[in-house]
1. So if I check each of 291, 273, which one is touching an Asp or Glu at 6+ places or on another chain (Cβ under 9 Å), part of a loop (DSSP other than H, G, I, E, B) and among the hydrophobic types (A, V, I, L, M, F, W, C)?
2. Inside the range 276-288, can you point out the residues that are part of a helix (DSSP H, G or I), touching a residue at least 24 places away in the same chain (Cβ under 8 Å) and within 16 Å of the chain's Cα centre (by Cα)?
3. Quick check: anything in the range 234-241 exposed (fewer than 13 other Cβ atoms within 10 Å of the Cβ) and either touching a Leu at 6+ places or on another chain (Cβ under 7 Å) or farther than 27 Å from residue 286 by Cβ (or both)?
4. Considering only residues of the range 161-195 that are part of a loop (DSSP other than H, G, I, E, B) and hydrophobic (A, V, I, L, M, F, W, C), which is nearest to residue 139 (Cα to Cα)?
5. Could you say whether any residue in the range 237-259 is touching a helix residue (DSSP H, G or I) at 6+ places or on another chain (Cβ under 9 Å), in the same structural domain as residue 52 (by TED's automatic domain parsing), among the hydroxyl-bearing types (Ser, Thr, Tyr) and modelled with pLDDT under 95?
6. In the range 85-131, how many residues are touching a Phe, Trp or Tyr at 6+ places or on another chain (Cβ under 9 Å), over 30 Å from residue 219 (Cα atoms) and part of a loop (DSSP other than H, G, I, E, B)?
7. Please count how many residues of the range 202-251 are closer than 27 Å to residue 31 by Cα and either under 15 Å from the mean Cα position of the chain (by Cα) or assigned to a loop (DSSP other than H, G, I, E, B) (or both).
Amino acid sequence: MRIDFAVIGGSFAGLSAALQLARARRDVLVVDAGLRRNRFVDEAGGTSHGFLTQDDRAPAAIAAEGRQQLLRYPGVRWREGLAEDARVTPDGRFEFRVGDLVVSAGRLILATGVRDELPPVPGLAERWGRSVFHCPYCHGFEMNAGRIGIIAASPMAQHHGIMLPDWGTTTLFLGGVYTPSEEERAALAQRGTVIETTPVERIDGIADVVLRDGRVLTMDGLFTQPRTHMSSPIAQQLGCAMEDGPMGPFIRVHAFQETSVPNVFACGDAARAAGSVTLAAGDGALAGFGAHRSTMV
């Protein structure tokens, strides 16, 4: 298949990017493997928060409506599957494979997202998206000003420890992951965050933190700092420059979300140190604008 624009990733960023191109009356192919990062929220029966006009709505419902609206445009094609084996061809186009289909695109938008690696605390992964989260702005309000626990996975736990007291009574479980400096301890104390140094044995119930000494501290919800990894190797295959963020690597982008590889654009969580549904949709729109404008120069 030969096409002007291809968007790899059909979640919030990819949908937003493709929508701009469709409205510019350009042909666009969206390839989606169906692995949205926030799918665990859907599995838990939860909802998305902080997205204007879509607050407290299931992420799957938002994405499904976005796809339905996008497919009303005649220039849009949708292909389910995993994009693989990307390369730059001698004529400057971009080629990749989806199953037995080989796609040649003049412009490429990577909205491939990331996957989360959680700390190896028994019981934590099973509650991911249910009572264990990573973004206070996305889930802090739902703690109802209650008891919030932070399971340290990296020094970024300090950042959570400073922020989360705005959403509830906060306890930071260090778990031997890192040792706060005296200055950091003072900052945490000023915010009212309690530091617990006893290692965490496991998580029980909804958000019960079982400590190695046998104590059980019941929380209303937990936050942790996952390590993020690229969900797809395509950016590396094409030679896109990467940045090292506090949570993991992400694709370096410039104005209008263009990567270091000309005519390749990136958006969403794969191109941010940290993101959200709202930011993904905004970045997707910029990537769509950028990809379209790049055909005029």
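The values are calculated or read from the model by the stated rules, or taken from the named source; none is laboratory data. Please read these numbers as outputs of a predicted model, since none were measured by experiment. A quick note on method: Cβ atoms are made from the backbone with ideal geometry, for glycine too, and the neighbour counts reach across all protein chains shown.
1. 273
2. 277, 278, 280, 281, 282, 283, 284
3. no
4. Among those residues, the one meeting the criterion is 167.
5. no
6. Number satisfying all stated conditions: 1.
7. Residues meeting the conditions: 17.
This table checks each residue for (1) of a type in the set (Gly, Ala, Ser); (2) within 23 Å of residue 226 (Cβ to Cβ).
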{"position": "35", "(1), (2)": "no, yes"}
{"position": "44", "(1), (2)": "yes, yes"}
{"position": "55", "(1), (2)": "no, no"}
{"position": "72", "(1), (2)": "no, no"}
{"position": "83", "(1), (2)": "yes, no"}
{"position": "90", "(1), (2)": "no, no"}
